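Trainee: If you scroll down you'll find the structure; I have some questions about it.
The values are calculated or read from the model by the stated rules, or taken from the named source; none is laboratory data. From a predicted model like this one, the values you see are computed outputs, not experimental measurements. All Cβ positions, glycine included, derive from the backbone under ideal geometry; neighbour counts span all protein chains shown.
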């Protein structure tokens, strides 16, 4: 029997039901996302912070940080040492390399609180007070050992460490001991040339 147009079937149509469900789901998703974000970034109570003191580029610094704060976060976000880059944030690209007690480290893998009493050098601390570049900085510029420059601070600090650790005896050895520093632009041959130039000058 034909349905009377004046008395349509009661309830929602399939289209209305799906549209309404989608709107409710979207609203719930946004609310859930906001709640999750709030849980991830709660306000940090002062009693949750711990103090750490180290020497940065020749100056003694004391910071109050969360226990989970990494060294690269403390350097960039708290101390303004933005020359230290965050690349992969997993210790695989070397962009965050700094020198700690004379040895190169991936600062994204080190908790700031574990650096108590350490001596840390970032790229900002390489040039002398008069603005004269460190020999490795000058060699990178002379040998055109960079392109976009994002990885360059980490490359330079790692290159200094490579020589100081005694791992710059040959081009092959340099490549091996610089392999933890990635260059997306592919400036590797010139990086090796810069390291060789500084090595030869030091051995001079």
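Trainee: Against the definition (farther than 21 Å from residue 93 by Cβ, assigned to a helix (DSSP H, G or I) and either more than 23 Å from the chain's Cα centre (by Cα) or in the same structural domain as residue 82 (by TED's automatic domain parsing) (or both)), how does residue 172 come out, yes or no?
Mentor: Working: farther than 21 Å from residue 93 by Cβ: yes; assigned to a helix (DSSP H, G or I): yes; either more than 23 Å from the chain's Cα centre (by Cα) or in the same structural domain as residue 82 (by TED's automatic domain parsing) (or both): yes.
The answer is yes for residue 172.
Trainee: On the basis of being crowded, with 20+ Cβ neighbours inside 10 Å, closer than 21 Å to residue 83 by Cβ and in the same structural domain as residue 72 (by TED's automatic domain parsing), does residue 106 make the cut?
Mentor: Details: crowded, with 20+ Cβ neighbours inside 10 Å: yes; closer than 21 Å to residue 83 by Cβ: yes; in the same structural domain as residue 72 (by TED's automatic domain parsing): yes.
When the stated conditions are applied, residue 106 passes them.
Trainee: With the condition kept exactly as written, say whether any residue in region 130-137 is surrounded by 16 or more Cβ atoms within 10 Å (Cβ to Cβ), touching a helix residue (DSSP H, G or I) at 6+ places or on another chain (Cβ under 8 Å) and in a loop (DSSP other than H, G, I, E, B). Talk me through it step by step, then tell me what you get.
Mentor: Taking region 130-137 as the starting set, the residues that turn out to be surrounded by 16 or more Cβ atoms within 10 Å (Cβ to Cβ) are 134-137.
Pick out the ones that are also touching a helix residue (DSSP H, G or I) at 6+ places or on another chain (Cβ under 8 Å) and you get 134-137.
If we keep only those that are in a loop (DSSP other than H, G, I, E, B) as well, we get 134.
Within region 130-137, one or more residues are surrounded by 16 or more Cβ atoms within 10 Å (Cβ to Cβ), touching a helix residue (DSSP H, G or I) at 6+ places or on another chain (Cβ under 8 Å) and in a loop (DSSP other than H, G, I, E, B).
Trainee: Under the condition of being touching a helix residue (DSSP H, G or I) at 6+ places or on another chain (Cβ under 8 Å) and not in a loop (DSSP other than H, G, I, E, B), which residue from region 175-189 is nearest to residue 108 (Cα to Cα)? Give the steps one after another, and end with the answer.
Mentor: Step one: list which residues in region 175-189 are touching a helix residue (DSSP H, G or I) at 6+ places or on another chain (Cβ under 8 Å), which gives 175, 177-178, 180-181, 183, 188.
When the remaining residues are screened for being not in a loop (DSSP other than H, G, I, E, B), the result is 175, 177, 188.
Working: 175: 22, 177: 19, 188: 23 Å.
Ranking the qualifying residues of region 175-189, first place goes to 177.
Trainee: Which count do you get for residues in region 140-163 that are closer than 16 Å to residue 180 by Cα and either part of a helix (DSSP H, G or I) or in contact with a strand residue (DSSP E or B) (Cβ under 8 Å, 6 or more places away or on another chain) (or both)?
Mentor: Residues meeting the conditions: 12.
Trainee: Quick check, is residue 105 under 18 Å from the mean Cα position of the chain (by Cα) and touching a residue at least 40 places away in the same chain (Cβ under 8 Å)?
Mentor: Working: under 18 Å from the mean Cα position of the chain (by Cα): yes; touching a residue at least 40 places away in the same chain (Cβ under 8 Å): no.
In short, no.
Trainee: Kindly indicate the residue of region 77-102 that is outside any loop (DSSP other than H, G, I, E, B) and in contact (Cβ under 8 Å) with a residue 40 or more places away in the chain and also surrounded by the fewest Cβ atoms within 10 Å (Cβ to Cβ) among those meeting that condition. Show your work before the answer.
Mentor: First, the residues of region 77-102 that are outside any loop (DSSP other than H, G, I, E, B): 77-78, 97-100.
Adding the requirement that they be in contact (Cβ under 8 Å) with a residue 40 or more places away in the chain leaves 97-99.
Working: 97: 31, 98: 28, 99: 22.
Ranking the qualifying residues of region 77-102, first place goes to 99.
Trainee: While we're on this one: For residue 195, are the conditions met, namely being at pLDDT 95 or above, buried (at least 16 other Cβ atoms within 10 Å of the Cβ) and not assigned by TED's automatic domain parsing to the domain that holds residue 60?
Mentor: Working: at pLDDT 95 or above: yes; buried (at least 16 other Cβ atoms within 10 Å of the Cβ): yes; not assigned by TED's automatic domain parsing to the domain that holds residue 60: yes.
Yes: the conditions hold for residue 195.
Trainee: Also, I was wondering about something else. Can you tell me which residue is modelled with the lowest pLDDT among those in region 22-76 that are assigned to a helix (DSSP H, G or I) and surrounded by 11 or more Cβ atoms within 10 Å (Cβ to Cβ)?
Mentor: Of region 22-76, the ones assigned to a helix (DSSP H, G or I) are 22-40, 46-48, 71-76.
From the residues that got through so far, the ones that are surrounded by 11 or more Cβ atoms within 10 Å (Cβ to Cβ) too are 48, 71-76.
On the way: 48: 86, 71: 98, 72: 98, 73: 98, 74: 98, 75: 98, 76: 98.
Across region 22-76, the extreme among qualifying residues is 48.
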